[in-house]
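Before any comments, here is the structure.
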Amino acid sequence: MSGILYVVATPIGNLEDMTFRAVRILKESSRIACEDTRGTRKLLDHYGISTIAVSYHDHNEAARTKEFLERLGNGESIALVSDAGTPLISDPGFRIVKAARDAGIAVVPIPGSCAAITALSASGLGTDTFYFGGFLPSKSQQRRRVLEQAGEMESTLIFYESPHRILETLDEIAKLYPTRTVVLGRELTKFHEEFHIGTAAEICTNLAARPAIKGEFTLLLDRFQPGEDVGSGTLAERMERQLGLGLSRMDAMKAVAREMGLSKRDVYQQWEQNR
Ligand code: SAM
């Protein structure tokens, strides 16, 4: 009989956020597949888990998947963990889970921490519907496009962002959605946990005043509300602003159309008439 592939969530910072079940499964599995064996070893030692830990990351996924499928096929059970939180959520693991499913092998989730859900649950933003966008793109233009598209959803938006880009991203959000509530969860579950709540511009100003921006960030944006004040100024002023940000004419028209609740055609006609 085949073994079981367990997908085991681990803490996102606070070692106490490990479940009893996760500890038992990690102890009982024949192998623990982890992104970084040294990092995971600290967690395993803390809980007295002596199971063999083997690496499974973006660079050896294909080879390891083959090996793990063989082991699973021979009746061994394997536990998949990532550096922190829930595997596969902006972390490796998709390939082995898909391959196991395709091979008819049982895949059992062992739930626990996830930064996106942790941040959402305490954000004060609506939780009935939300969109998780993973990491925002590192390039400004792509990031802006993602924010524009997601910004039209009537759902709370959740993204992961790196400390190096957080100010840039907040600045972009401030331009796109100046009045929207932003919640920034920093170092969640850790000693220096913080929630910054305000407009993107307010949070950006507060963070920029710090000597250094460090830690892990989860960024949430309130949902689009029909009638939301997105920017100000005449149509021509808005067009100039978008073009000044480096957008193409077409993208600038799209952005202004969204801001003003007009069709792209209307924006085009009015802009052409007044030029
Ligand atoms: N699999 C993880 C999960 O379930 O949340 C996410 C892994 S992803 C590689 C790491 C990103 O998640 C960080 O860059 C940060 O954006 C977010 N994150 C992880 N831990 C966090 C924490 N303690 N506080 C705030 N954000 C966190």
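When Leu88, Leu120 are screened for being on the phi > 0 side of the Ramachandran plot, within 12 Å of the ligand (Cβ to nearest atom) and at pLDDT 95 or above, only Leu88 passes. Residues in region 138-156 that are in a helix (DSSP H, G or I), open to solvent by less than 10 Å² (accessible area, probe 1.4 Å) and of a type outside the set (A, V, I, L, M, F, W, C): Arg143 alone. Of all the criteria given as (1) surrounded by fewer than 13 Cβ atoms within 10 Å (Cβ to Cβ); (2) within 18 Å of Gly93 (Cα to Cα); (3) in contact (Cβ under 8 Å) with a residue 24 or more places away in the chain, the one not satisfied by Asn74 is (2). Restricting attention to region 249-272, the residues being under 16 Å from Glu237 (Cβ atoms) and small (Gly, Ala, Ser) number 3. Once region 94-117 is narrowed to residues that are within 15 Å of Ala22 (Cβ to Cβ) and within 11 Å of the ligand (Cβ to nearest atom), the residue that is nearest to the chain's Cα centre (by Cα) is Cys114.
Residues are listed down the side, and each one gets a yes or a no for (1) part of a loop (DSSP other than H, G, I, E, B); (2) modelled with pLDDT of 95 or more:
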residue: Ile158; (1), (2): no, yes
residue: His164; (1), (2): yes, yes
residue: Glu168; (1), (2): no, yes
residue: Lys175; (1), (2): no, no
residue: Lys190; (1), (2): yes, yes
residue: Ile197; (1), (2): no, yes
residue: Glu202; (1), (2): no, yes
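The values are calculated or read from the model by the stated rules, or taken from the named source; none is laboratory data. If you're wondering where the values come from, they're calculated on a predicted model, not measured in any experiment. Cβ atoms come from the backbone with ideal geometry, glycine included; neighbour counts cover every protein chain shown. All accessible areas refer to the heavy atoms of the entire protein, side chains included, with ligands and DNA or RNA removed. Shrake-Rupley method; radii C 1.70, N 1.55, O 1.52, S 1.80 Å.
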